[in-house]
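A quick write-up on the structure given underneath.
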Amino acid sequence: MAQNSVMTMPEVMEEKWARNANKDRDNKGVTLPNITLRDQMVDAIKKASIVGIPFYKNDPILTEDRLKRPLTDRVFKHFDMTPKMCCHTFVNRVFAQRSDFWKALQGKRILIITKDKWSDKVTQTLRKKPYNLNVTMSTTFHHHDQMEDALKFIEENKDNYDIALISCGVNALILAQKVAETGNIGIDFGKSLMYIVQKKAGLNHFSRGANKGLIP
């Protein structure tokens, strides 16, 4: 969202995140510059029910401090964005380790939206113990250029699922809000679906202190 707003495009393109995104198109799910994505993200944040943001101090996101809460505040001010509710960016990783979260999903029809290489594994994992979810649908998404088709899929299938768990980079923010517009629940699940398959997160890795300091 900093593209040609609080940072010039040359400044954005010099950042490590941008260089990594353009080096491997599937890494971040976007190729920069992309003003369309910027505007879609701004619109999604303005409409979202709850938005994840970094802490001011001791934030666990692995990047420079200047690119965390200070940049977030600058972007929000520039676009006149005031989220209805805020939580920490990594709240989805906490959810993945909470038994009460997974119990709340049981009995609901679940749609999975994630990258190609994780889709089948995630679906199979979440259908089994200890999750026991009713995953009725899945679709793959790995790059922003698939956005139009993904939005069409979400609209056409809105009556076939209740909750969408979405893990596909920055695009998940947009997709989650578009799911909400259809009357369903969309959750930007970050890297949690990938971590569950890799057994780096999930109920088998639940820690009583896992959520310490992550939910304001």
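The values are calculated or read from the model by the stated rules, or taken from the named source; none is laboratory data. Please read these numbers as outputs of a predicted model, since none were measured by experiment. So basically every Cβ, Gly included, is an ideal-geometry build from the backbone, and we count neighbours across all protein chains shown. Quick note on the areas: whole protein, heavy atoms, side chains included, nothing else; ligands and nucleic acids left out. Shrake-Rupley method; radii C 1.70, N 1.55, O 1.52, S 1.80 Å.
Tabulated data
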quantity: Approximate spin-label separation Lys200-Asp159, in nm, with each point projected 7 Å along Cα-to-Cβ; calculated: 4.1 nm
quantity: Residue with peak Gaussian network fluctuation, the chain [Cα springs, cutoff 10 Å], from Phe76, Phe101, Phe141; calculated: Phe101
quantity: Max mean-square fluctuation residue, GNM over the chain, Cα-Cα springs under 10 Å, options Lys178, Lys121, Lys23; calculated: Lys23
quantity: Long-range HN-HN contacts of Ala201 with modeled amide H, under 5 Å; calculated: Ile196
quantity: For Ile50, solvent-accessible area (1.4 Å; no DNA, RNA or ligand), Å²; calculated: 90 Å²
quantity: Volume per residue of the C-alpha convex hull in the range 97-181, rounded to whole Å³; calculated: 94 Å³
quantity: Matching label, mean projected area of the Cα convex hull in nm² computed from the structure shown, candidates [x] 10.8; [y] 11.4; [z] 12.6; calculated: [y]
quantity: Selected from Gly202, Gly107, Gly169 as most flexible by GNM, with the chain as the system and alpha-carbon contacts under 10 Å; calculated: Gly107
quantity: Exposure ranking of Lys108, Lys117 by accessible area [1.4 Å probe, largest first]; calculated: Lys117, Lys108
quantity: Karplus 3J(HN,Hα) series, Hz, for the range 78-83 with 6.51 cos²θ - 1.76 cosθ + 1.60 (x for Gly, Pro); calculated: 4, 9, 6, 9, 10, x
quantity: Candidate lysines for bridging to Lys129, where Cα separation is under 20 Å - those fewer than 8 sequence places away on the same chain excluded; calculated: Lys103, Lys108, Lys121, Lys199, Lys200
quantity: Contour excess over end-to-end distance, with Cα ends at Asp100 and Met85 and 0.36 nm allotted per residue; calculated: 3.3 nm
quantity: Within-12-Å neighbourhood charge of Gln3 [Cβ basis; K, R +1; D, E -1]; calculated: -2
quantity: Kirkwood Rh and Cα Rg combined as Rg over Rh, evaluated for the range 16-134; calculated: 1.00
quantity: Candidate aspartates and glutamates - alpha carbon under 13 Å from Lys115, same-chain residues fewer than 8 apart omitted; calculated: Asp26
quantity: Only Lys, Arg (+1) and Asp, Glu (-1) charged, at Cβ; the range 49-101 dipole about Cα centre in debye; calculated: 40 debye
quantity: Dipole in debye (nearest 20) - the range 80-200, about Cα centre, beta carbon charges: Lys, Arg +1; Asp, Glu -1; calculated: 880 debye
quantity: Surface share of carbon and sulfur [accessible, 1.4 angstrom probe, percent] for the range 1-131; calculated: 51 percent
quantity: Length added when fully stretched, Leu67-Asn22, from 0.36 nm per residue minus Cα-Cα; calculated: 14.4 nm
quantity: The range 77-216, accessible area per residue, ligands and nucleic acids excluded (1.4 Å, Å²); calculated: 53 Å²
quantity: Whole-Hz ³J(HN,Hα) from phi, Karplus 6.51 cos²θ - 1.76 cosθ + 1.60, for the range 129-146, glycine and proline x; calculated: 5, x, 7, 6, 8, 8, 7, 8, 8, 8, 8, 9, 8, 10, 8, 4, 5, 9
quantity: J(HN,Hα) series, the range 40-47, from Karplus relation 6.51 cos²θ - 1.76 cosθ + 1.60, nearest Hz, glycine and proline x; calculated: 5, 5, 4, 4, 5, 5, 5, 9
quantity: Pair Met9, Asp43: separation of 7 Å Cα→Cβ label points (nm); calculated: 2.0 nm
quantity: Normalised per residue, the volume of the convex hull around the Cα set of the range 4-74 (Å³); calculated: 109 Å³
quantity: Amide hydrogen neighbours beyond the local backbone of Asn134, cut-off 5 Å, H modeled; calculated: Gly107, Lys108, Ile110
quantity: Sequence-distant residues sharing a close amide H with Ala164 (under 5 Å, placed H); calculated: Leu111, Ile185, Gly186, Ile187
